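See below for the structure under consideration.
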Amino acid sequence: MKKHILPVLSLMASATGVQASESVRTLVSQNFDNGYVGMFVADGSLSQFEASSIKPISGAKSLAMTSEGHYRVGTEALIMRTLPEISHLNASFDIAMPLSDMHSRRPYTIVQCVFEIEYADGNVYESYVSRNDEVPTYQESVYSHDCQVTLPAGKAIHKVTWFLDSYALPNETVYLDNLDITLHEESHQSNAQVDLFWQGRDFSELTEAQVDTFFSDAPTLTHSHEVTSLRLAQSSNGSYKTRFVLPEPEFSHTYPEYVIYQASITNPGSLPVSAQLYASASYQKQFRSGDHSAAFAPGFYIAPNSTALVPVIVDLGKDGLTTDITSTELRIESDGAVLLNSLTLHSGTSLSDGLVTIATSGFEADAGGFETSTPQDVTLVNQSQQVISGEQSLGFEMSPWRQASYTHYFGWGNPYYADKVYTQLAVQLQEAEKDTPVRVCTDVYYMGGSKDSYCEERILGVGSFALHDVFPVDSTKALYRILVRVRAFGNVSIKGEMDNFVLGYWPAIPTQ
């Protein structure tokens, strides 16, 4: 595939690593048993918006939302400070449609996470951080989901508003429960940077012909105070705008989770201007086709005779590993004449460089290494019905307290050390009693017999969820094996399927 690289583009990978410690603070936590304080309808019309005791997902009540078409509901999370490091906000929640009739309506509805970041200076931008997620609508089904937005460092943030966009059918009731919004500080690294124009400072190396090649709407080079900038040209509707597209940026690290455009914009006039910025990225995820995410800064205020550094972050999501960014784009439009002084593109991730993949499987051809020690109680079979993604998923039926597992042995020849492991897995239950616990564990065994075990339990009944978890490992001990287990953690049998399995680790050098 052909690569498009600017003549003066340079690529630099910094050595910045993930912070050793991470501060996690809960900003919003609601189970709706006592109402829906802080929740509001931001867009659309709802004939029902109340905490309901009819078929709650968990506890006594869930938030019931009955639509007249498309709608958006939200809640605010106050930040009220400047973050010293690039961080992220995570929202986790459960959705159910317990009154749906699976025989008379389509099998899925659509939801989408949206975050709106408001800075202390009044400027805002919106980030669309998840794809259009298909939520099963069959009766008694629970969909457990999480999404996140990346927050920039060094810029005072007033608040972040989380929205749930729903495209449910008219008069279709969606239940929301177990909403938690948490701030994870010092959780990312910005470990790849593209200085698009001569170290990101100015455009002095570009010719007019190159400007026309890479920028639309005919901006012109201008020189002032020993700085070369691009002057945005006025369009037919009176606004000043340009568009920059970078095909296939060559980032140097693995699995990016976000990209950041930073644009230095000067307003040389005597009146304030309002600049609108739009950034987007197209990318690939393991086990599924291409995705697209976008972020908007709809009205960034720039004072007269001043320069603003505007960050616009495009989140690529944590719902699977990003394998390739096929293109990124930035559009700028203002209601007054402005200068673009520099343009820099960063990418980053909460996953360190150097992830060694032990196993990946979409279960298209076989069981992907999963097996059971009790075949009389656990059935594993590849199936093309009720598939999570791709052509097939790994179907399973488990008796109470039984499990299926994947095991990787490191062997005795050469010692292996790690400081983190990564587990990714999607699970969907087709038959299970309400409030049935399902447990997914990652067990790390060391030479000498000790182990660390990390388990996540979901109490769903019929439903679906996905894991994308990073766990710490004792880097002073040699690894013996890693075991990933899916277990019916209760007194009832379950039936479902799993998909999109990834297991990996980050090598470590033991202390001498």
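The values are calculated or read from the model by the stated rules, or taken from the named source; none is laboratory data. Not measured: the values here are computed from a predicted model. For neighbour counting, all protein chains shown are included, and Cβ atoms are generated from backbone atoms with ideal geometry for every residue, glycine included. Calculation scope for accessible area: heavy atoms of the full protein, side chains included, ligands and nucleic acids excluded. Shrake-Rupley method; radii C 1.70, N 1.55, O 1.52, S 1.80 Å.
Over the chain, what is the mean sequence separation of C-alpha contacts under 8 Å (at least six apart), divided by residue count, expressed as relative contact order in percent? Walk me through the intermediate numbers first.
On the way: 1487 pairs, mean separation 76.2, N = 512.
Relative contact order comes out at 15 percent.
Going through the stretch 380-417, which chymotrypsin sites (Phe, Trp or Tyr not before Pro) have at most 10 other Cβ atoms within 10 Å and a DSSP loop state? Please report the intermediate quantities before stating the final value.
Working: sites: F396, W401, Y406, Y409, F410, W412, Y416, Y417; in loops: W401, F410, W412, Y416, Y417.
Those satisfying the criteria are W412.
I need the phi-derived Karplus couplings for the stretch 456-464: 6.51 cos²θ - 1.76 cosθ + 1.60, θ = phi - 60°, integer Hz, Gly and Pro marked x.
Values, residue by residue: 10, 10, 10, 10, 10, x, 5, x, 8 Hz.
What's the center-to-center distance, using Cα atoms, between the stretch 323-353 and the stretch 447-469 in Å?
36
At a 1.4 Å probe radius, carbon and sulfur cover how many percent of the accessible area of the chain?
48
What ³J(HN,Hα) values, in whole Hz, does the Karplus curve 6.51 cos²θ - 1.76 cosθ + 1.60 give for the stretch 268-279 when θ = phi - 60°, with x put for Gly and Pro?
Listing the rounded values in order: x, x, 9, 10, x, 10, 10, 10, 9, 10, 10, 10 Hz.
Given a 1.4 angstrom probe, what's the average accessible area per residue across the chain, in square angstrom?
Per-residue value: 42 Å².
Could you sort 299-307, 155-163 so that the peptide with the highest average Cβ count within 10 Å comes first and the rest follow in order?
155-163, 299-307
Between beta-carbons, use under 10 Å as the cut-off and find the net charge around L83, counting Lys and Arg +1, Asp and Glu -1.
After counting each charged neighbour, the total is -1.
May I ask which of K318/K477; K155/K241; K420/K451; K155/K285; K451/K495 have a Cα-Cα span longer than 23 Å here?
Where the Cα-Cα span goes over 23 Å, the pairs concerned are K318/K477; K155/K241; K155/K285; K451/K495.
Assigning unit charges at the beta carbon (Lys, Arg +1; Asp, Glu -1) and nothing else, what dipole magnitude in debye, to the nearest 20, does the stretch 276-360 show about its Cα centre?
100
Would you list H70, H184, H88 from the most to the least accessible area, probe 1.4 Å? Provide the component values of the computation, followed by the final result.
Working: H70 75, H184 35, H88 10 Å².
Order by accessible area, largest first: H70, H184, H88.
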